[in-house]
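To start, the structure under review is shown below, and the notes come after it.
The values are calculated or read from the model by the stated rules, or taken from the named source; none is laboratory data. What you see is a predicted model, and the numbers here were worked out from it, not measured in a lab. Here the Cβ positions follow ideal geometry from the backbone for every residue, glycine too, while neighbour counts run over all protein chains shown. Areas reflect the complete protein model, heavy atoms only, side chains present, ligands, DNA and RNA absent. Shrake-Rupley method; radii C 1.70, N 1.55, O 1.52, S 1.80 Å.
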Amino acid sequence: LTSDQGLEMIRLSMEKATELKTPVTICIRDRHDNLVAHIRMKNAILGSVDLACQKARSSALFPAPSGAFAAFPGIELSNGIISNLQGGLPLITSDGVHVGSIGVSGAAAAEIDVEIAQVAADKIDSLLTESCYLEKWTATGEVPTKLAMAPPAPLYMSYNNKNVLPNDLITSEDMLEKPTLTWDTESGALYTIFIIDFGIERLEGLQWVHWLVTNVKDGASVDQGDEVKDYVPPFYFKIKEDFSGLDLTKGTRGHDILALVYKQKTGQVDMVDERQVGCNEGLGDGSRIDDHVAIAEKYNLELVAGNFFFSTYTDATNDLLCYFTKCTGEPFPIPAEGINDGAECQ
């Protein structure tokens with residue numbers, strides 16, 4: 001457990017304690033019984049300070065609720081001093097991994113200590129997953145190279161029923177259909193979704209927009225939003241240095257693709273100036289080249305969630321190059337025999 005995760009669990013528990021009008025002390029320990037975070041709320045009884053950590057110690061050393069140890073008289077005298085009172089809970093992930101514990105003390109009834117601790121214990125999966133998502137942004141250099149800061153929260157994605165984790169390599173075959181998206185939403189809020197190619201060097205920091213949808217309520221209602229730029233599957237190609245054709249090497253890591261969700265701070269927006277849809281010259285004339293930061297500033301958007309992955313060359317790329325050639329009226333990106341010169345590409 002990290003200090004950030006411990007402090008977030010304390011924040012969640014304090015919110016519940018405040019709701020119940022019950023000041024308590026909260027203690028977080030890792031699976032090795034090291035102290036991660038410890039706080040006494042204003043007016044919590046002094047005796048709760050040590051007791052909260054004793055309860056947490058019980059559930060760190062033995063992955064069970066501290067109250068369960070009442071059935072084993074004398075165990076509270078083992079391992080230094082632990083507690084057999086209710087209020088300590090193990091932090092166990094959905095796949096059964098014991099990562100630490102939380103102890104809460106100070107409520108007039110032990111059941112309330114447990115209720116306050118349970119709020120944090122129930123969030124352990126999402127806290128660990130979120131940490132994994134956010135750390136990947138800096139570990140891979142996407143932050144600060146492509147984004148100044150990591151998105152505040154993860155955007156959970158799946159393509160072709162396959163989950164997409166940060167830094168994954170995704171084939172165009174899997175991206176032919178729109179992705180499924182999930183993120184933490186606020187009631188009544190509207191969102192804008194970007195999927196952008198950030199790896200085209202000649203664009204000098206600008207991005208090619210594969211999808212732009214506004215006025216979205218949540219991941220389940222993306223189709224009800226306003227599709228400003230309709231979905232084009234991400235793909236990757238590389239032109240040979242002598243411009244004699246395309247490098248058809250499969251499986252190499254291509255461009256970084258960012259999927260970003262922005263909250264529309266002033267409600268519904270109209271991005272008519274950014275619109276490009278359909279199979280036409282707009283796919284190749286620059287209408288899809290933009291900057292998500294500039295659009296966010298123009299329409300008062302706030303970044304709230306994100307994910308990123310990499311494209312690669314596969315056979316499905318050839319079909320997309322053919323499609324672009326048909327739509328733009330020119331061989332895309334250059335004449336390539338057997339790829340964009342067929343009748344179906346005209």
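Of the residues that sit in the range 137-173 and are assigned to a helix (DSSP H, G or I) and touching a helix residue (DSSP H, G or I) at 6+ places or on another chain (Cβ under 9 Å), which one is modelled with the lowest pLDDT? Lay out the reasoning, then the answer.
Residues of the range 137-173 that are assigned to a helix (DSSP H, G or I), as a first pass: 137-139, 142-145, 172-173.
If we keep only those that are touching a helix residue (DSSP H, G or I) at 6+ places or on another chain (Cβ under 9 Å) too, we end up with 137-138, 142-144, 172-173.
Working: W137: 94, T138: 91, E142: 96, V143: 95, P144: 95, S172: 95, E173: 96.
For the range 137-173, the residue satisfying everything is T138.
I'm trying to understand the selection: among the residues of the range 207-236, which are surrounded by fewer than 17 Cβ atoms within 10 Å (Cβ to Cβ) and under 23 Å from F332 (Cα atoms)?
Listed by number, the list holds a single entry, D230.
crowded, with 19+ Cβ neighbours inside 10 Å, polar (S, T, N, Q) and closer than 22 Å to L303 by Cα: is that true of T182 in this structure?
Values: crowded, with 19+ Cβ neighbours inside 10 Å: no; polar (S, T, N, Q): yes; closer than 22 Å to L303 by Cα: yes.
So T182 does not fit the description; no.
Can you name the residue in the range 248-281 that is of a type in the set (S, T, N, Q) and closer than 30 Å to K238 by Cβ and is also surrounded by the fewest Cβ atoms within 10 Å (Cβ to Cβ) among such residues? Give the steps one after another, and end with the answer.
Step one: of the range 248-281, the residues of a type in the set (S, T, N, Q) are 249, 252, 264, 266, 268, 276, 280.
Checking which are closer than 30 Å to K238 by Cβ leaves us with 249, 252, 276, 280.
Numbers: T249: 9, T252: 12, Q276: 19, N280: 13.
Only one residue tops the list, namely T249.
Specify which of the listed residues (G188, G199) is surrounded by 15 or more Cβ atoms within 10 Å (Cβ to Cβ) and either in a loop (DSSP other than H, G, I, E, B) or without any contact (Cβ under 8 Å) to a residue 12 or more places away in the chain (or both).
Working: G188 fails: surrounded by 15 or more Cβ atoms within 10 Å (Cβ to Cβ).
Unique residue meeting the criteria: G199.
Here's a check for you: in the range 7-39, which residue that is outside any strand (DSSP E or B), closer than 21 Å to P65 by Cβ and without any contact (Cβ under 8 Å) to a residue 60 or more places away in the chain is most open to solvent (accessible area, probe 1.4 Å)? Quick ask: steps written out before the conclusion?
The first filter runs over the range 7-39 and keeps only residues outside any strand (DSSP E or B), leaving 7-24, 31-34.
Filter again for closer than 21 Å to P65 by Cβ, leaving 9-10, 12-14, 16-17, 20, 22, 24, 31-34.
Subset that is without any contact (Cβ under 8 Å) to a residue 60 or more places away in the chain: 14, 32-34.
Details: M14: 59, H32: 128, D33: 20, N34: 79 Å².
Per the criteria, the residue is H32.
For residues in the range 202-215 being at positive phi and outside any strand (DSSP E or B), which is nearest to the chain's Cα centre (by Cα)?
Going residue by residue through the range 202-215, those that are at positive phi are 204-205, 215.
Add one more test, that the residue is outside any strand (DSSP E or B), and what stays is 204-205.
Numbers: E204: 26, G205: 23 Å.
Once the filter is applied, the top-ranked residue is G205.
Condition check ((1) more than 18 Å from V36 (Cα to Cα); (2) hydroxyl-bearing (S, T, Y); (3) open to solvent by 20 Å² or more (accessible area, probe 1.4 Å)) across all residues:
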site: S101; (1), (2), (3): no, yes, no
site: I112; (1), (2), (3): yes, no, yes
site: L128; (1), (2), (3): no, no, yes
site: Y133; (1), (2), (3): yes, yes, no
site: E142; (1), (2), (3): yes, no, no
site: L147; (1), (2), (3): yes, no, no
site: P152; (1), (2), (3): yes, no, yes
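Show me the strands (runs of 3 or more DSSP E) entirely contained within the range 216-311 in which 3 or more residues are free of Cβ contacts under 8 Å to residues at least 60 places away in the same chain.
Details: elements: 226-229, 256-264, 301-310.
By residue number, 226-229.
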